Amino acid sequence: MSAAVDVNAAPPARLIAHLDMDAFYASVELLRYPDLRGQPVVIGGGRDQGPVLLPDGTRRYARLRHYTGRGVITTATYEARALGAHSGMGVMKAAQLAPDAVLLPVDFEAYRKYSRLFKAAVRSIAPLVEDRGIDEIYIDLTDLPGAQADAGRSVAQALKDAVRDATGLTCSIGVTPNKLLSKICSDLEKPNGLTLLGAADIAARIWPLPAKKINGIGPKATEKLAGLGIHTIGDLAAADPAFLVAQFGKSYGAWLHEAAHGRDDRPVVTYSEPKSISRETTFERDLHAVRDRAALGTIFTELCVQLAGDLVAKGYAGKTIGIKLRFDDFKIVTRDLTLPAHTMDARTIRRAAGECLKRVDLTRRLRLLGVRAGALAKLADLVGPAAPNATPHEAPPTAREPLAHYDLPLFDGAPADGS
């Protein structure tokens, strides 16, 4: 005889976890070089910064003080962060703060391997996972057996143990009623943290934090909030919603008010289509649109070819082609162009991206060049059977388009000289 089901019972409380690997790239490197544990280590060098094995079996490591180049820190150990080095900082600048820190090259193949390992370990326990990048995920714990008994603590600890067993690495987890709060909480007790938080805890534990701790409040919004006397999440929660809308616009202003009060109804999404696919490269030295025209032309075309290859490999075509430029003053400029039809053809991408370049002032030297395909559609949909309402004489849509050529000058309108 089956047990009766109470149809009037309240649904279980949402339990959403955010799992963030601790100093992920650096931690992977420490598995390889355990003698560096406890030392300030920065990841961001090139292959020539790799360790040198000495005859006595020890290793000689590159130090920040000897670095010259344009590299950017990918991540750093907590010891290096204590000295001021952090991800996104130029390696040369970090060398001024922590000259004796060890510098290691980036090894994305290894990081992707460990990313797959930790995610597989999580999914073996909790299958509802939203992938947010190489080192972080959201997990819906709501309906897992036993999760409601202790607000997810036991399940979260089991996840931490599984990740450690599979990779030898630690992670930090926040478990709260929603993604917004869990993202904040996974950072509160790093490294190797486990933070649980309920709605009743928001005032005491969330409101004292800086407003920028909310994912979605960037540097510009933080600066504007500070100018309005709003420094903490609590300050933001106390602000008049109408005032926030007046200052930040209807959508973002309303979101700021909701976020400050810890409200977020977004579900854990186990799969989503990519919105865009891109390729970009940062130059070892600044390049000029005229004097380095040939080099830029080669790089530009190669990026377009690589992007086309990515589209084909992933089964997509793009209708909007865009470019991204970062100049020597770190200013970023983007331009895009919407095509009449979807494409995955390198020549068409190259021509459209070249048209975008014609709309940019290229007086300053360039640090970075990128190409992007957006407004994606699956190739299977573009070349699939005719729509049900199509007449027998109508051809199905295809992903073919007229051939284009590489005859567009790379930097039309660039100055003939300049510095």
For segment 213-231, which residues satisfy the criterion of being on the phi < 0 side of the Ramachandran plot and out of contact with any helix residue (DSSP H, G or I) (no Cβ under 6 Å at 6 or more places or on another chain)?
-> Gly218, Pro219, Lys220, Ala221, Glu223, Lys224, Ala226, Gly227, Leu228, His231
Take the residues in segment 271-307 that are charged (D, E, K, R) and assigned to a loop (DSSP other than H, G, I, E, B), then tell me which one is modelled with the lowest pLDDT.
-> Glu273
Are any residues in segment 118-157 among the charged types (D, E, K, R), open to solvent by less than 50 Å² (accessible area, probe 1.4 Å) and not in a loop (DSSP other than H, G, I, E, B), and if so, which ones?
-> Lys119, Glu130, Glu136, Asp140, Asp150
Would you confirm whether any residue within segment 215-229 is at pLDDT 95 or above and within 28 Å of Leu15 (Cβ to Cβ)?
-> no
Single residue of Ser124, Ser186, Ser182 found to be in contact (Cβ under 8 Å) with a residue 12 or more places away in the chain, over 19 Å from the mean Cα position of the chain (by Cα) and within 30 Å of Val106 (Cα to Cα) | Ser124
Within segment 345-400, can you find the residues that are open to solvent by 70 Å² or more (accessible area, probe 1.4 Å), under 21 Å from Val305 (Cβ atoms) and either touching a helix residue (DSSP H, G or I) at 6+ places or on another chain (Cβ under 8 Å) or at pLDDT 50 or above (or both)?
-> Arg347, Arg351, Lys358, Arg372
Select from segment 32-54 the residues that are closer than 22 Å to Tyr111 by Cα, part of a loop (DSSP other than H, G, I, E, B) and either touching a Pro at 6+ places or on another chain (Cβ under 9 Å) or open to solvent by less than 70 Å² (accessible area, probe 1.4 Å) (or both) and list them in ascending order.
-> Tyr33, Gly38, Gln39, Pro40, Gly46, Gly50, Pro51
Of the residues that sit in segment 68-87 and are open to solvent by 60 Å² or more (accessible area, probe 1.4 Å) and part of a loop (DSSP other than H, G, I, E, B), which one is nearest to Asp135 (Cα to Cα)?
-> Ser87
Would you point out the residue of segment 158-192, among those that are out of contact with any Lys or Arg (no Cβ under 9 Å at 6 or more places or on another chain) and part of a loop (DSSP other than H, G, I, E, B), that is most open to solvent (accessible area, probe 1.4 Å)?
-> Glu189
Does Gly57 qualify as being part of a loop (DSSP other than H, G, I, E, B) and either touching a residue at least 60 places away in the same chain (Cβ under 8 Å) or small (Gly, Ala, Ser) (or both)?
-> yes
If we ask which residues in segment 161-177 are over 16 Å from Ser115 (Cβ atoms) and free of Cβ contacts under 8 Å to residues at least 40 places away in the same chain, their number turns out to be 1
Looking at this structure, is Ser115 outside any loop (DSSP other than H, G, I, E, B), open to solvent by less than 50 Å² (accessible area, probe 1.4 Å) and of a type in the set (S, T, N, Q)?
-> yes
Taking Thr348 and the conditions (1) touching a Ser or Thr at 6+ places or on another chain (Cβ under 6 Å); (2) among the hydroxyl-bearing types (Ser, Thr, Tyr); (3) in contact (Cβ under 8 Å) with a residue 40 or more places away in the chain, which numbered condition does it fall short on, given that it satisfies the others?
-> (1)
Thr195 fails exactly one of (1) touching a strand residue (DSSP E or B) at 6+ places or on another chain (Cβ under 7 Å); (2) not in a strand (DSSP E or B), namely (2)
All-but-one check, Glu284 against (1) open to solvent by less than 70 Å² (accessible area, probe 1.4 Å); (2) acidic (Asp, Glu); (3) more than 25 Å from Asp336 (Cβ to Cβ), failing number (1)
Can you find a residue in segment 309-318 that is within 29 Å of Gly88 (Cβ to Cβ) and either among the β-branched types (Val, Ile, Thr) or touching an Asp or Glu at 6+ places or on another chain (Cβ under 6 Å) (or both)?
-> no
For segment 213-220, does any single residue satisfy the condition of being open to solvent by 60 Å² or more (accessible area, probe 1.4 Å), within 24 Å of the chain's Cα centre (by Cα) and under 18 Å from Glu258 (Cβ atoms)?
-> yes
If you scan segment 101-112, which residues turn out to be aliphatic (A, V, I, L, M) and not in a helix (DSSP H, G or I)?
-> Ala101, Val102, Leu103, Leu104, Val106
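The values are calculated or read from the model by the stated rules, or taken from the named source; none is laboratory data. Quick caveat: nothing in here was measured; it's all calculated off a predicted structure. Using ideal geometry, Cβ is built from the backbone for each residue, glycine included, and neighbour counts are taken over all protein chains shown. These accessible areas exclude ligands, DNA and RNA; they are computed on the full protein's heavy atoms, side chains included. Shrake-Rupley method; radii C 1.70, N 1.55, O 1.52, S 1.80 Å.
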